[in-house]
Amino acid sequence: MILLNEAPKLTGQTGKRKAMTAVLGILMVVFFFSFLLSVFRAKYQGYPYRQRSVMASIRSCIEQQLNEIELLRCCYPSTDEFYLDDSEAFNEAKQFINENQDNLSRNLSFILKLHLNDINTTIELQFIYPIHYPELPVDIHLRTYLSRECYGKFREAVKQFLVEK
């Protein structure tokens, strides 16, 4: 900006030199503003060129979560295998999708019970969806009713499975 302001006031300089100083000033301003814009874009994921609003993005994520839960309800119709951890959160999410509610106070979650007949035990998997799932990974908590020895073997098998995948 200083170069742009001072270029016309330079005394004893040719017109060509004044023009070069002004052009250099313009190039520096363009460079620094584009640098600042790229920093904002990196920090705020697309700022100021967002294609969707934040609420539309959250509604899309919640709608996908509800669809997954409905699909799982069809796959595991028995309440002995699948149940919602918090049915109020489920109803709240439906109202949020229908735009009857402005915000969500709870995350969607459910529990999936797997009966392992081979070792005569039950494993409970609790899935807690973050607001931005599927863009963020789901939290999974495991509850088992295994002996310490069986639990150690099971944990090693899960670790091995995760390493292979």
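The values are calculated or read from the model by the stated rules, or taken from the named source; none is laboratory data. Because the structure is predicted, anything quoted here is derived from the model rather than measured. All Cβ positions, even for glycine, are placed from backbone atoms using ideal geometry, and neighbour counts span all protein chains on display. We work out accessible area using only protein heavy atoms, side chains counted, and drop any ligands, DNA or RNA first. Shrake-Rupley method; radii C 1.70, N 1.55, O 1.52, S 1.80 Å.
Just to be sure, is S87 out of contact with any helix residue (DSSP H, G or I) (no Cβ under 7 Å at 6 or more places or on another chain), modelled with pLDDT of 75 or more and of a type in the set (S, T, Y)? Yes, satisfied. Considering the range 102-130, the residues that are open to solvent by less than 40 Å² (accessible area, probe 1.4 Å) and among the polar types (S, T, N, Q) include one that is modelled with the lowest pLDDT, namely T121. Looking across the range 143-165, the residues that are surrounded by 11 or more Cβ atoms within 10 Å (Cβ to Cβ) and in a loop (DSSP other than H, G, I, E, B) come down to Y145, L146, S147.
The set of residues in the range 131-142 being surrounded by 11 or more Cβ atoms within 10 Å (Cβ to Cβ) and assigned to a loop (DSSP other than H, G, I, E, B) consists of I131, H132, Y133, P134, E135, L136, V138.
When you go through (1) closer than 30 Å to C150 by Cα; (2) surrounded by 10 or more Cβ atoms within 10 Å (Cβ to Cβ) one by one for L37, which number turns out not to apply? Unmet for L37, out of (1) closer than 30 Å to C150 by Cα; (2) surrounded by 10 or more Cβ atoms within 10 Å (Cβ to Cβ): (1).
Screening R17, R73 for residues that are at pLDDT 80 or above and either touching a Cys at 6+ places or on another chain (Cβ under 8 Å) or over 26 Å from D102 (Cα atoms) (or both) leaves exactly one candidate, R73.
Can you find a residue in the range 59-76 that is assigned to a loop (DSSP other than H, G, I, E, B), open to solvent by 50 Å² or more (accessible area, probe 1.4 Å) and without any contact (Cβ under 8 Å) to a residue 24 or more places away in the chain? Within the range 59-76 (the criterion being assigned to a loop (DSSP other than H, G, I, E, B), open to solvent by 50 Å² or more (accessible area, probe 1.4 Å) and without any contact (Cβ under 8 Å) to a residue 24 or more places away in the chain), the answer is no, since none of the residues qualifies.
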